[in-house]
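The values are calculated or read from the model by the stated rules, or taken from the named source; none is laboratory data. Quick caveat: nothing in here was measured; it's all calculated off a predicted structure. Here Cβ is always computed from backbone atoms with ideal geometry, including for glycine, and neighbour counts include all displayed protein chains.
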Amino acid sequence: MTQDEIYQKVSSTLVEALNVEESEVKPDATLQGDLGAESIDFLDIVFRLEREFGIKIPRGELFPESIFQGDPELVQSGKVTDKGMEELRSKMPFADLSRFEQNREVSQISDLFTVDLIARYVEGKLAVSKN
Amino acid sequence: MRWIWIDRFTEFRRGEFARSVKQLSLAEDVFTAHFPEYPVMPASLLLEGLAQTGGILVGEINDFKEKVVLAKITKAKFLREALAGDEIAFETTVLYVRPEGAAVRGRILANGEALGEAEITFAHLDQARSQQAFGDRNFVFTGELRSLLESIRK
């Protein structure tokens with residue numbers, strides 16, 4: 001499956017799960033901010049991706065939880081600590097953290113979850129399952 | 001008004017499929033206002049009956065230890081109305097069960113004919129909101145809902 005095919009399939013999966021227009025699903029669209037996803041939608045998205053791509057997505061792999069739970073070692077005064085950044089990098093190797101790294105506001109973590117991030121995650125999963 | 005919108009289960013295959021029925025009597029409270037001289041069952045209550053059927057199917061998988069709550073109706077489609085006098089059947093099939101929640105695909109029939117369909121997502125409350133303390137008591141599966149299932153097992 002090519003990168004483009006994966007993206008198209010991810011896009012149609014999100015259209016179905018979030019009941020949004022295809023035109024709204026752009027690579028840099030954020031799931032929560034732009035596409036209106038709520039926490040329960042993540043469960044639905046995970047299920048649909050598993051079904052569409054024939055992959056297994058363990059709990060917390062695509063949408064990690066620990067960083068969001070206010071652990072003081074990971075988040076202090078609303079900012080992600082060095083340890084928190086390490087945690088993010090290890091749990092979300094598929095995420096582009098370069099922009100987030102600049103301000104580290106925990107409230108902006110949800111902006112990391114874009115359409116493109118999901119496509120990259122799926123790409124990684126498919127590559128691993130092929131090997 | 002009692003908030004149970006199924007009368008009894010007619011089929012129950014653990015973790016897989018459940019079918020329940022509801023006889024719509026003209027004596028239902030809901031028909032007093034919805035509508036005078038035109039007793040039509042609100043589609044939202046039909047979805048509630050479907051969700052109760054699917055919720056018990058999902059809850060039983062973990063022996064009712066999880067608090068299974070309706071979280072999202074991904075899609076729903078109705079083909080016709082349900083009127084007083086109709087026998088409604090709710091059929092639900094498990095799509096998936098995960099630690100965080102589950103989903104079912106449902107069909108609603110009136111007197112054996114297709115009336116509607118929906119996909120419903122359930123959350124496991126403790127799992128999905130682990131920081132909130134809901135206590136040990138399972139307020140979702142109270143005696144009334146569970147006894148419905150017992151009736152088919154006797």
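The set of residues in region A:92-131 being small (Gly, Ala, Ser) and either in the same structural domain as A:VAL10 (by TED's automatic domain parsing) or touching a residue at least 12 places away in the same chain (Cβ under 8 Å) (or both) consists of A:ALA95, A:SER107, A:SER110, A:ALA119, A:GLY124, A:ALA127, A:SER129. For region A:49-63, what are the residues that are surrounded by 14 or more Cβ atoms within 10 Å (Cβ to Cβ) and within 11 Å of another protein chain (Cβ to nearest Cβ)? Hits for region A:49-63 are A:GLU50, A:ILE57, A:ARG59, A:PHE63. Of the candidates A:GLN69, A:GLN76, the single residue that is more than 14 Å from every other protein chain (Cβ to nearest Cβ) and not hydroxyl-bearing (Ser, Thr, Tyr) is A:GLN76. For region B:23-45, give me each residue that is over 18 Å from the mean Cα position of the chain (by Cα), touching a residue at least 40 places away in the same chain (Cβ under 8 Å), outside any loop (DSSP other than H, G, I, E, B) and more than 28 Å from B:LYS72 (Cβ to Cβ). The one that is over 18 Å from the mean Cα position of the chain (by Cα), touching a residue at least 40 places away in the same chain (Cβ under 8 Å), outside any loop (DSSP other than H, G, I, E, B) and more than 28 Å from B:LYS72 (Cβ to Cβ): B:PHE31. Selection over region A:35-48 of residues that are more than 9 Å from every other protein chain (Cβ to nearest Cβ), part of a helix (DSSP H, G or I) and more than 17 Å from B:ARG105 (Cα to Cα) gives a count of 0. Identify the residue in region A:71-80 that is free of Cβ contacts under 8 Å to residues at least 12 places away in the same chain and of a type outside the set (Asp, Glu) and, among all such residues, is surrounded by the fewest Cβ atoms within 10 Å (Cβ to Cβ). Among residues in region A:71-80 that are free of Cβ contacts under 8 Å to residues at least 12 places away in the same chain and of a type outside the set (Asp, Glu), the one surrounded by the fewest Cβ atoms within 10 Å (Cβ to Cβ) is A:SER77.
When A:VAL122 is tested against the conditions (1) in contact with a Pro (Cβ under 7 Å, 6 or more places away or on another chain); (2) of a type outside the set (Phe, Trp, Tyr); (3) modelled with pLDDT of 95 or more, the lone failure is (1). For B:PHE139, indicate whether it is surrounded by fewer than 19 Cβ atoms within 10 Å (Cβ to Cβ) and at pLDDT 85 or above. It is false that B:PHE139 is surrounded by fewer than 19 Cβ atoms within 10 Å (Cβ to Cβ) and at pLDDT 85 or above.
Taken over region B:72-87, the criterion of being among the aliphatic types (A, V, I, L, M), away from every other protein chain (no Cβ under 14 Å) and part of a strand (DSSP E or B) is satisfied by B:LEU83 alone. Do the conditions hold for B:LEU24, that is, is it modelled with pLDDT of 95 or more, away from every other protein chain (no Cβ under 14 Å) and surrounded by 15 or more Cβ atoms within 10 Å (Cβ to Cβ)? So B:LEU24 fits the description; yes.
If you scan region B:88-122, which residues turn out to be farther than 19 Å from B:THR10 by Cβ and either assigned to a strand (DSSP E or B) or away from every other protein chain (no Cβ under 14 Å) (or both)? Walk me through how you get there before you give the answer.
Kept after step one, since they are farther than 19 Å from B:THR10 by Cβ, are these residues of region B:88-122: B:95-103, B:118-122.
Once the filter is applied, which keeps residues that are farther than 19 Å from B:THR10 by Cβ and either assigned to a strand (DSSP E or B) or away from every other protein chain (no Cβ under 14 Å) (or both), region B:88-122 yields B:LEU95, B:TYR96, B:VAL97, B:GLY101, B:ALA102, B:ALA103, B:ALA118, B:GLU119, B:ILE120, B:THR121, B:PHE122.
Screening B:GLU100, B:GLU91 for residues that are more than 22 Å from B:ILE152 (Cβ to Cβ), of a type outside the set (A, V, I, L, M), crowded, with 19+ Cβ neighbours inside 10 Å and in contact with a strand residue (DSSP E or B) (Cβ under 9 Å, 6 or more places away or on another chain) leaves exactly one candidate, B:GLU100.
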